[in-house]
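Engineer: Handing you a structure now.
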Amino acid sequence: MKTLLHACCGPCSLEPYKLLAAQGHDLTIAFMNSNIQPRAEYDHRLATLRAWADANGIPVVEGAWDDVAWRAEAGAITAQGGPREDRCRHCYRLRLAEAAAWAAAHDFEGLSTTLAVSPYQLFDICHEELVAACRPYGLTPVWQDFRPHYPDATRESRKLGMYRQNYCGCLYSKAEAAAERAARKRQRAAERARREAELAPVRAAEEAARAQKKRDRAAYDAKQRAKKAARNAARAKLKAEAAAAASAPNAAAPGGASAAAPAPATATPAAHSA
Ligand code: SF4
């Protein structure tokens, strides 16, 4: 079937294109997204899509970037305090109506959309709008749940180094996505703080046990050093005594006197006169 595949961006096109082509669809990609703001973001997403499509010989057609029409049709809903669901419904309606009109004018038989791969889109509302867009032209709405392939699309687009935006397209979605990220960050910080508070007594007990072990070790070491010093002092004393004993003269002679022997008495001959 000659099918026009409406694409919201390059990363979201990877899996739907692969799956539909494998089913025999003769595909052309339609980048018709007046919702994407600002214009530089629109250009970036289109360039990313084109780079991949050109490298794979996939034809791409581009719609008119009519942000005035988008604001009047969809943006005004949020500007007037309406719910996101209504804004997105009108956003899908505008883009898919443009794609359906183009498909009919160029003899296509079916219309599909890569929006069906993103878990962040409103799946049922998008389906309803695709069916409604096809009806006036007798086109076949090629609707499949591509969402189980979203992780593959994420992996593959990262591998290809594709630009991956962090918001759906309109400036409302940019603000909403930023608020959600901030809320998730706050939630993670609160969770970390809660876990820290839970673990604090355990960590304090562990720290006290470590400090006690350190003190015990220091006391043991001091005791060992004192014992060794006492042993060394005792050995030195014995050694000194032994040395003193060894250096004393005759100190070891058996029964000997300790001083010089007395000089023998000298007999003085008596004078004898006759
Ligand atoms: S969030 Fe996405 S689908 Fe919804 S209005 Fe904005 S660009 Fe459109």
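The values are calculated or read from the model by the stated rules, or taken from the named source; none is laboratory data. Just so you know, these numbers come straight off a predicted model, no measurement behind them. Backbone-built Cβ (ideal geometry, glycine too); neighbour counts: all protein chains shown.
Engineer: Quick one: which residue in ARG135, ARG164 is away from the ligand (no atom under 16 Å from the Cβ) and basic (Lys, Arg)?
Structural biologist: Working: ARG164 fails: away from the ligand (no atom under 16 Å from the Cβ).
Sole residue among the options that is away from the ligand (no atom under 16 Å from the Cβ) and basic (Lys, Arg): ARG135.
Engineer: Suppose the filter is of a type in the set (D, E, K, R), in a helix (DSSP H, G or I) and more than 11 Å from the ligand (Cβ to nearest atom); does ASP124 pass it? Quick ask: steps written out before the conclusion?
Structural biologist: Working: of a type in the set (D, E, K, R): yes; in a helix (DSSP H, G or I): yes; more than 11 Å from the ligand (Cβ to nearest atom): yes.
Taking the combined requirement at face value, the residue satisfies it.
Engineer: Contact list please: Cβ distance under 6 Å, first residue in segment 84-102 and in a helix (DSSP H, G or I) and hydroxyl-bearing (Ser, Thr, Tyr), second residue within 9 Å of the ligand (Cβ to nearest atom) and at pLDDT 95 or above, pairs at least six apart or on different chains.
Structural biologist: Taking only residues 6 or more apart or on different chains, the pairs are TYR92/CYS126.
Engineer: Residues being part of a loop (DSSP other than H, G, I, E, B), among the small types (Gly, Ala, Ser) and touching a residue at least 40 places away in the same chain (Cβ under 8 Å): count how many of those fall in segment 18-36.
Structural biologist: Taking segment 18-36 and keeping what is part of a loop (DSSP other than H, G, I, E, B), we get 23-25, 32-36.
Next cut, among the small types (Gly, Ala, Ser) only: 24, 34.
Adding the requirement that they be touching a residue at least 40 places away in the same chain (Cβ under 8 Å) leaves 34.
Looking only at that region, the number is 1.
Engineer: Being of a type in the set (Gly, Ala, Ser), over 23 Å from ARG50 (Cα atoms) and surrounded by fewer than 22 Cβ atoms within 10 Å (Cβ to Cβ): is that true of GLY110 here?
Structural biologist: Details: of a type in the set (Gly, Ala, Ser): yes; over 23 Å from ARG50 (Cα atoms): no; surrounded by fewer than 22 Cβ atoms within 10 Å (Cβ to Cβ): yes.
Against the criterion (of a type in the set (Gly, Ala, Ser), over 23 Å from ARG50 (Cα atoms) and surrounded by fewer than 22 Cβ atoms within 10 Å (Cβ to Cβ)), GLY110 does not qualify.
Engineer: While we're looking at this one, here's another question. Being more than 25 Å from THR154 (Cβ to Cβ) and assigned to a loop (DSSP other than H, G, I, E, B) is the requirement here; does GLY57 meet it?
Structural biologist: no
Engineer: Just to be sure I understand the filter: pairs with C-beta atoms under 6 Å, separated by 6 or more residues or on different chains, first member in segment 171-187 and at pLDDT 95 or above, second member aromatic (Phe, Trp, Tyr). Which pairs pass?
Structural biologist: SER173/TYR167; LYS174/TYR167; ALA177/TYR167
Engineer: Something else about it: How about segment 34-57: which of its residues are within 16 Å of the ligand (Cβ to nearest atom) and basic (Lys, Arg)?
Structural biologist: Passing the criteria: ARG39, ARG45.
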